[in-house]
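Worksheet: one structure, shown below.
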Amino acid sequence: MTKLGDVIVQPHQSPNDTFCITSGGQPFTPVFELIAACCQWPPSQSRNAAIRAAAGRVTDWDDFLSALKRQRVAGLVHSALLLAEAPYPTAIASTLARRARSITQRSLILMAETLRLQALFEAAYIPVLALKGVALAQLAYGSVLAKEGRDIDLLVPPEYAEASLQLLEDEGYALSSPTRFLNGAQRRNLITYGKEIELRRKGPDLLVELQWRTANNPQLLQGIDARSSTQTVKLPDGSVRTLAPDDLFAYLSVHGAQHSWSRLKWLADVNALAAAEGTDLEHLYRHAERAGAGICAGQTLLLCKRILALPLPSTLADKLLQDKRVRRLVNIGEAAITSPHAHTAADNRIGDVLRFLRTQFLLGRGWGFYAEQCRIAAVGPIDVVRIPLPRPLHFLYPIIRLPLWLFRRMGVMPRG
């Protein structure tokens, strides 16, 4: 056994695997171990055996249900438990079956709305891609039914952001986050300094996340945007376009890294893509590296290996483990994903804010990356929305950033 920084490297039991990572040598809880075993991909006899063994060690099944809600993988876990014929309480099985049916129904609604919105954007001559959602579910798992979906992610070019926002509002969607009202100046400021906005429509409840950039820091996903190469994903009721496979892996890696991999759902999805037969993991990593996302991709692959048993080529594993920053991010990601609570919001306690900012600065390298990250830290989209200064006064945003945050914490300013 060798130790590299904070990460311990040990021989793995599988003849096809070369190592596993243990953060500080601490094992997973029985509940997380069972959920992670159910999220391994693809299904296999060895996965079934791991699920049955893990289920036998769980004693708190109420905690299991709570963890499933937090990780948003109830559909995947329900299917895996049935395949493995694992023993677990009847009451838990009934609750899980109800959740799985609800996920299936929600997935069908999201699929229909994704197809409808894509057609509307096309009719308006607005380039659009479906990120994650039903497209990713179909690619990763071969079905849209088991992946738990919350919203519809649409990516458009920045110059079409205002038109896209208007199109969605014409379809009955209302602004939801970061605010419920935007005048013209606020919309332009948000598009300049932000990357996305949420809109909600009732009856049925639908949430759309409209994005015009793939990452907060443009150095992380250079050349990957709404005009990049695409792939067409066939669904039961039609087809949608999403990012090409290499770009999709890089995007998912950055997305998860920017949220410190706070939910197992995100890691399970990218792991299922990476575990597909014939996937060249070294090629995926090199492509992400060329786009500026090498550190994020390295963290992603090592977390998939550690938590979801992704077989990783020894040469690639050795390369990634030599990078102290990647190892540090693996520890951060593992701590976040195994935490009982999700920590995804930056506008929280000062300690949480500082930890979030520090993590964001670890995701890339080079003066260009650091300069962009400083700009992002200095000018918050929520500030330019609530205080839309004239463009000649935008230099004031970094100055008023901290006071505005303190005012929000004290309740002096409304949160939107």
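Applied to segment 231-237, the Karplus parametrisation 6.51 cos²θ - 1.76 cosθ + 1.60 on θ = phi - 60° returns per-residue 3J(HN,Hα) values of 10, 9, 10, 7, 10, x, 10 Hz, with x for Gly and Pro. The calculated FRET efficiency for the pair S314 and A53, based on their C-beta separation and a Förster distance of 35 Å, comes to about 0.85. In this rough spin-label picture, where each label sits 7 Å from Cα along the Cβ direction, the D62-R150 distance is 2.5 nm.
Approximating the spin labels as points 7 Å out from Cα along Cα→Cβ, the A93-to-N183 distance works out to 6.1 nm. How large a share of the accessible area of the chain, in percent, is made up of carbon and sulfur atoms when the probe is 1.4 Å and the other protein chains stay in place? Carbon and sulfur: 55 percent of the exposed surface of the chain. Rounded to the nearest 10 degrees, the angle from helix 264-274 to the longest Cα principal axis of the chain is 70 degrees. Amide H contacts of T230 (H built 1.01 Å from N, in plane; Pro and chain starts excluded): A244 sit under 5 Å, all sequence-distant by 5 or more or on other chains. Given R0 = 35 Å, the distance between the Cβ atoms of T279 and R401 translates into a calculated FRET efficiency of 0.25.
Take segment 225-332 with all the other protein chains still there, run a 1.4 Å probe, and you get 35 Å² of accessible area per residue.
Between the helical axis of 30-39 and the longest alpha-carbon principal axis of the chain there is an angle of about 80 degrees.
Relative to the longest principal axis of the Cα atoms of the chain, the long axis of helix 45-55 makes an angle of roughly 80 degrees. Build a GNM of the chain with springs between Cα atoms under 10 Å apart, and of T192, T104, T300 the one that fluctuates most is T192.
Assuming charge only on the beta carbon of Lys and Arg (+1) and of Asp and Glu (-1), the dipole of segment 153-215 about its Cα centre is about 220 debye to the nearest 20.
Here I109 and E85 are evaluated by their C-beta separation; at R0 = 41 Å the FRET efficiency comes out at 0.85. A simple rule links phi to the HN-Hα coupling: the Karplus curve 6.51 cos²θ - 1.76 cosθ + 1.60 with θ = phi - 60°, which for segment 150-156 gives 10, 8, 10, 9, 10, 10, 10 Hz, with x for Gly and Pro.
If you take the alpha carbon atoms of segment 281-347 and fit the smallest convex hull around them, that volume is 95 Å³ per residue.
Lys-Lys pairs in the chain that are eight or more residues apart or on separate chains and whose Cα atoms lie under 19 Å of each other come to 14.
The values are calculated or read from the model by the stated rules, or taken from the named source; none is laboratory data. Keep in mind it's a predicted model, so treat the numbers as computed, not measured. Neighbour counts are summed over all protein chains in view; Cβ atoms, including those assigned to glycine, are modelled from backbone coordinates with ideal geometry. Remember, those area values only see protein heavy atoms, side chains included, never the ligands or the DNA or RNA. Shrake-Rupley method; radii C 1.70, N 1.55, O 1.52, S 1.80 Å.
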